[in-house]
Every structure is written in structure tokens, then in C-alpha cells.
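Peer 1: For reference, the structure I am asking about is given below.
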Amino acid sequence: MVTNIAIKNSIGIDIGGTKIAAVLLDNASGKELFSYRTNTPKNYPDFLKSVIDVINKISLHASSDFYIGIGIPGLVFPNRQVLNYNNLPFIKPDFIFDLEKEIKHQVFISNDANCFAFSEYIDGSAKGYNSAFCLIIGTGVGGGIVINNRIISGPNAFTGEIGHTSIPFPTQEENNTPCTCGSKGCIESLLSGPALISQYEKVSGLSISSAEEIVIAANNKDITAQRVLNIFYDRLARCFLNFIYLFDPEVIVLGGGLSEISGIYTEVPKILTTYIDALTPTKKINLNIRKATHGSASGVRGAAWLWKTF
Ligand SMILES: [Zn+2]
């Protein structure tokens, strides 16, 4: 950690497909001092200008020098070059170098899912644990891993991107479920919000607009909704088995829209225990499954704290 006590503030910037969100944090308390949002321009010169403008606006409220961190969707390589192949394809690989040259200030950068994970690790639901897998289950499925204060990242920038890996012990139907990536049976094609909605619509023949409606229907004793949710819990438990066998995290923190489904936190641990019982002689699963503390603010907060991991 490159702590400098003379630096009392941190600026976090979360770059999204439609919005650039920014926040100024107090380094001692973690309190949000100022926040700002603007639309994401759709060409590189305007985009770079907009990020500089956001930093200038936020920095006016800082009481000292500050750290700057940016969370960005897509891949961030060890040499800090970026690659976004989805919603921001115009961003140049050298974005961070262009930015630093313009503002003459060091900038930390990481993938947005890593920022979510780090935010929860520093002062959210994973605080106090040594190892955490933080998973976003929303429109897509992806996550970040933090161990001993370090965001785990590799040469291909793919760490934590489990959405396009296969689910363990798949049924034939799961194996044949097409995914947006072109493959079949991916975790994202089975566990995302759109996947959950389409599963309910397919079985019930009804049209719905959100996963929340399935939860409400299940609470009102709709047997189809209850069955769909039970399958969702079972799939989530199998997904977690992957993390446990891979690096056995002390805590799994869930973010994204589907993390609001309260049954996850009561049902998934029970199902997980039955899988572990069947597979190992342990007979007990020592794992905490928790909902993210900072919700949609995790991206900006994690970006602001990036200096703590480098
Ligand atoms: Zn896929």
C-alpha cells in the first residue's frame, strides 16, 4: 500500500455504457463527500475530455491532494492497457496513459467487477475476511477475487469472469441452454436476471418484466415461481462449488439485481451443504454468503480505494 497521510481524499470514477459516475471519499472515514454523474460520450476525444472534466469538478471539493481510481468494464491488462469489446469499443487501449498525460496525476485503474469486489473487501460485506469472491448476478454474471488486500489479476485479465464457464453437474437441459457468447450451458445463461425471467415465462406461459415479480409470486404460493426459484438456488449452489474447489474463499459477497432475492441467503447454504456432504467427508461447509453493503455505489467506491491494493 502506498499510503501517504498527507493525501486525505480519493476520487473514484465508474465508467459505464451510459453514465460516468464519480465520488470523492474521505480517506480516514470512508465518508462520501461529493458525487457527480454525467452521460458517457460515444467517441474517444469527447470521452477523454469528459473524464478530465469530471476529475476537475470533483477535485474542487478535495481538501488536499488526492488519489484517483477508475473502474471500467472490459479487460484491464497488467500493463494497464484496456480493451472493451461491448459497450465502449471506442476507448483506446492507451486511455490511462492519455489521461495521465493530460492531468499530470497518477491514476489507478481496474475492471469494474474488481472495483465492486474491492469496495466490499475494504469497508463492505467482506471487511475483516482475508479472502473474498464477490459475484455480480444481474444482467450478466461476473465477479472479482480479493485475497490479503490484493485484487487477483492475471496476464489475460480474466480473473473472476466466471459467467462463461460451465455450471457443475449440469442437466441435459442446462447443457443445451444457449448463451449470448455463442456457447451453451454457461453460468450466465442460467443464472442472470434475463435467464431467470425467461425460465419462469417458459414454464408458466406468462409474461413478466422483472425477477422481483417471480419472488412476489413465490411468496403468494405460485408453485411455478417457487420451483423456478428453487432451481435458481440449486444452480447458484453448484456455481459456488466452483469457487470453493478453486480457492475456498472465506466469504462470497453478492451484488447486482438478483442479490436482492432474500431466499439466496437461507436456501443456498443448505443446498451447498448437501453437495459438500455428498462429495467430501467434511460434512460441514465453512463459508459466509452475504449481500453487498454498498449496492450500486460499490463501483465508484472500489475505484476510489484502488490505491490501497497497488
Ligand atoms: Zn457464455
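Peer 1: Would it be correct to say that Glu161 is assigned by TED's automatic domain parsing to the domain that holds Ile244 and within 13 Å of the ligand (Cβ to nearest atom)?
Peer 2: Answer is yes for this residue.
Peer 1: Let me ask another. Could you list all residues from region 172-183 that are more than 8 Å from the ligand (Cβ to nearest atom) and either surrounded by 14 or more Cβ atoms within 10 Å (Cβ to Cβ) or touching a residue at least 60 places away in the same chain (Cβ under 8 Å) (or both)? Write out each step before concluding.
Peer 2: Just the residues of region 172-183 that are more than 8 Å from the ligand (Cβ to nearest atom), to begin with: 172-178.
Residues satisfying the conditions are Glu174, Thr177.
Peer 1: Here's something else I'd like to know. Assess whether Glu188 counts as being at negative phi, within 16 Å of the ligand (Cβ to nearest atom) and acidic (Asp, Glu).
Peer 2: On the way: at negative phi: yes; within 16 Å of the ligand (Cβ to nearest atom): yes; acidic (Asp, Glu): yes.
When the stated conditions are applied, Glu188 passes them.
Peer 1: Listed residues Ile13, Ile52; which is β-branched (Val, Ile, Thr) and farther than 20 Å from Thr309 by Cβ?
Peer 2: Exactly one of Ile13, Ile52 is β-branched (Val, Ile, Thr) and farther than 20 Å from Thr309 by Cβ, namely Ile52.
Peer 1: Here's something else I'd like to know. As an exercise: evaluate Ala217 against (1) assigned to a loop (DSSP other than H, G, I, E, B); (2) surrounded by 13 or more Cβ atoms within 10 Å (Cβ to Cβ); (3) more than 16 Å from the ligand (Cβ to nearest atom) and give the number of the one condition it does not meet.
Peer 2: For Ala217, the exception is condition (1).
Peer 1: Mind telling me which of the residues Val268, Val253 ends up being within 17 Å of Gly128 (Cβ to Cβ) and either part of a helix (DSSP H, G or I) or within 14 Å of the chain's Cα centre (by Cα) (or both)?
Peer 2: Checking each option against the conditions leaves just Val253.
Peer 1: Right, here's the next one. Could you list, in sequence order, the residues of region 273-291 that are assigned to a loop (DSSP other than H, G, I, E, B) and either among the charged types (D, E, K, R) or not assigned by TED's automatic domain parsing to the domain that holds Ile252 (or both)?
Peer 2: Passing the criteria: Lys283, Lys284.
Peer 1: Answer yes if at least one residue in region 225-236 is within 16 Å of the ligand (Cβ to nearest atom), within 22 Å of Phe133 (Cβ to Cβ), in a helix (DSSP H, G or I) and in contact (Cβ under 8 Å) with a residue 40 or more places away in the chain, and no otherwise.
Peer 2: Yes: region 225-236 contains one or more residues that are within 16 Å of the ligand (Cβ to nearest atom), within 22 Å of Phe133 (Cβ to Cβ), in a helix (DSSP H, G or I) and in contact (Cβ under 8 Å) with a residue 40 or more places away in the chain.
Peer 1: In this structure, does Gly142 turn out to be under 26 Å from Ser119 (Cβ atoms), in the same structural domain as Glu213 (by TED's automatic domain parsing) and away from the ligand (no atom under 13 Å from the Cβ)? Can you show your working first?
Peer 2: On the way: under 26 Å from Ser119 (Cβ atoms): yes; in the same structural domain as Glu213 (by TED's automatic domain parsing): yes; away from the ligand (no atom under 13 Å from the Cβ): no.
No; evaluated as a whole, the condition is false for this residue.
Peer 1: While we're here: Looking at the structure I just gave you, is Ala225 out of contact with any Gly (no Cβ under 6 Å at 6 or more places or on another chain) and closer than 21 Å to Leu272 by Cβ?
Peer 2: No: the conditions fail for Ala225.
Peer 1: Looking for something in contact with a strand residue (DSSP E or B) (Cβ under 6 Å, 6 or more places away or on another chain), over 15 Å from His61 (Cα atoms), in contact (Cβ under 8 Å) with a residue 40 or more places away in the chain and not in a loop (DSSP other than H, G, I, E, B) - is there at least one such residue anywhere in region 33-44?
Peer 2: So far as region 33-44 goes, no, none of its residues is in contact with a strand residue (DSSP E or B) (Cβ under 6 Å, 6 or more places away or on another chain), over 15 Å from His61 (Cα atoms), in contact (Cβ under 8 Å) with a residue 40 or more places away in the chain and not in a loop (DSSP other than H, G, I, E, B).
The values are calculated or read from the model by the stated rules, or taken from the named source; none is laboratory data. Since this is a predicted model, take the numbers as computed values, not measurements. Glycine gets a Cβ as well: all are built from the backbone with ideal geometry, and neighbour counts include every protein chain shown.
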